[in-house]
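Below: one structure, written as structure tokens.
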Amino acid sequence: MQLNEKEIKRIFNKYKKSFEEMEHYDKTREILWGRERIYLTLDKKLLKKLKELKQKTGQPISRIIEKALKNVDVYHN
């Protein structure tokens, strides 16, 4: 089966993030998917709020922080 240019662009746009992650791996041999443990120092008031959110939502604190950071453009200078 031969794909035309339009179909190739559609597939690339649909899976753009996956292609970018594979390209990064090809260049660096670093995997960008999965999870990695880190240690943070947080303000006690913020930690109290995070624990309250954990109780309210049933989500781990790490997931709450991760979701919040995904809304921040960390690559913007």
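The values are calculated or read from the model by the stated rules, or taken from the named source; none is laboratory data. All figures in this text were calculated on a predicted structure; none of them were measured in a lab. Counting neighbours? That spans all protein chains shown, and the Cβs are built from the backbone with ideal geometry, glycine included.
Among residues of the stretch 1-27 being over 23 Å from ALA68 (Cα atoms) and of a type in the set (S, T, N, Q), the one that is surrounded by the fewest Cβ atoms within 10 Å (Cβ to Cβ) is GLN2. Quick check on my filter: what residues within the stretch 28-77 are surrounded by 10 or more Cβ atoms within 10 Å (Cβ to Cβ), over 15 Å from the mean Cα position of the chain (by Cα) and in a loop (DSSP other than H, G, I, E, B)? Once the filter is applied, which keeps residues that are surrounded by 10 or more Cβ atoms within 10 Å (Cβ to Cβ), over 15 Å from the mean Cα position of the chain (by Cα) and in a loop (DSSP other than H, G, I, E, B), the stretch 28-77 yields LEU42, GLN59, PRO60. Among the candidates GLU30, GLU23, GLU36, the residue that is at pLDDT 90 or above and acidic (Asp, Glu) is uniquely GLU23. A single member of GLN55, GLN2, GLN59 is in contact with a helix residue (DSSP H, G or I) (Cβ under 9 Å, 6 or more places away or on another chain) and not aliphatic (A, V, I, L, M), and it is GLN59.
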